[in-house]
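Down below is the structure, laid out as structure tokens.
The values are calculated or read from the model by the stated rules, or taken from the named source; none is laboratory data. Keep in mind that this is a model prediction, so the values were computed, not measured. Counting neighbours? That spans all protein chains shown, and the Cβs are built from the backbone with ideal geometry, glycine included. Calculation scope for accessible area: heavy atoms of the full protein, side chains included, ligands and nucleic acids excluded. Shrake-Rupley method; radii C 1.70, N 1.55, O 1.52, S 1.80 Å.
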Amino acid sequence: MNVYDWDNTIYRGDSTADFVGWLYIHRPMTLLSLPRTAVCGLLYGLHIIKKLTFKQNLYHMFVFVRDMESTVDEFVDTHMNHVKQFYLDQQKEDDMVISASPEFTIGRFCKKLGIQHMMASVVDPKTGKYTGLNCHGKEKVRRFKEVMKDREIDEFYSDSLTDSPLAEMSRKAYLVKGDKLLPWPNKQ
């Protein structure tokens, strides 16, 4: 089984940032959340609030979206061209995506790509609230082991060294930088 991070790995860019920006343009009511986002962004930047608190406040914009399901479908349809060619060229039936981005957005991309195995942060699409931990770092390993039990990871791909816990448990690991696949640093 090959496991992939999503943002800046399979997807060119950050899909959550793209979705937020897209919502501001295509669902202008979400602009009402900008003051809240700005204040929380400042507090996060000053290390007064945690990243999860900032993200939940950013995602509060979802309350201004009437039909999130069709909205996500529209966003995904217009952003499928962000999927990197290297992934399309090597995609396998049992691939898995593990991402910190919201499950309800990443899941739609995975469905369109035929990726059957996916884990991501569980965020309520109506309120923007997390219903569990952010799927990041060691949490990715915990979730993988919980669901896949003793299944081994043949190859792991990510753009971020924060994914070192998954890289370490993989037979091979690659650091994705743009369109380049580099050996994972310090991987034995």
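At an R0 of 30 angstrom, the distance between the Cβ atoms of Leu32 and Thr131 translates into a FRET efficiency of 0.80. Here the chain is assigned +1 on the Cβ of each Lys and Arg and -1 on the Cβ of each Asp and Glu. Its dipole about the Cα centre then comes out at about 580 debye. Of the solvent-accessible surface of segment 1-130, computed with a 1.4 Å probe and all protein chains present, 56% belongs to carbon and sulfur.
Each Lys and Arg contributes +1 and each Asp and Glu -1, all at the Cβ; summed about the Cα centre of segment 74-149, the dipole is approximately 320 debye.
Report, ordered by chain and residue number, the lysines lying within cross-link reach of Lys55, taken as a straight Cα distance under 23 Å and ignoring same-chain residues fewer than 8 apart. Output for Lys55: Lys126, Lys129, Lys138, Lys140. For the chain, the solvent-accessible area works out to 53 Å² per residue, with a probe of 1.4 Å and every protein chain left in place.
Across the options Val83, Leu58, Pro102, the greatest Cα extent toward the positive end of the charge dipole of the chain (unit charges at beta carbon of Lys, Arg, Asp, Glu) belongs to Leu58. Tell me which label goes with the value of mean projected area of the Cα convex hull in nm² computed from the coordinates here: (i) 10.7; (ii) 12.2; (iii) 12.9. So the structure-derived entry is (i).
In the chain, helices alone account for a calculated mean residue ellipticity at 222 nm of -12000 deg cm²/dmol, with every DSSP H run of four or more residues adding -39,500 (n - 2.57).
Looking at Gln116, Leu175, Thr127, which one has the Cα that reaches farthest to the positive end of the dipole of segment 103-183 (charges on Cβ: Lys, Arg +1; Asp, Glu -1)? Towards the positive end, the residue furthest out is Thr127. Peptides 89-96, 155-162, 136-143 ranked from most to least packed, by the mean per-residue count of other Cβ atoms within 10 Å: 155-162, 136-143, 89-96. Using a probe of 1.4 Å, the accessible surface attributed to Val39 totals some 90 Å² when neighbouring protein chains are kept in position. Length gained on full extension, Asp73 to Lys172, computed as 0.36 nm times the residue gap minus the Cα-Cα distance: 32.3 nm.
Taking label positions 7 Å along the Cα-Cβ direction at both Asp89 and Lys149, the computed distance is 3.6 nm, reported to one decimal. The fraction of accessible area contributed by carbon and sulfur in segment 145-188 is 50 percent, rounded to a whole number (1.4 Å probe; ligands and nucleic acids excluded).
Where both residues lie in segment 3-149, what percent of DSSP beta bridges are antiparallel, nearest 5? That works out to approximately 20 percent antiparallel. Stretching Leu161 away from Leu42 to a fully extended chain increases their span by 40.3 nm, per 0.36 nm per residue minus the current alpha-carbon distance.
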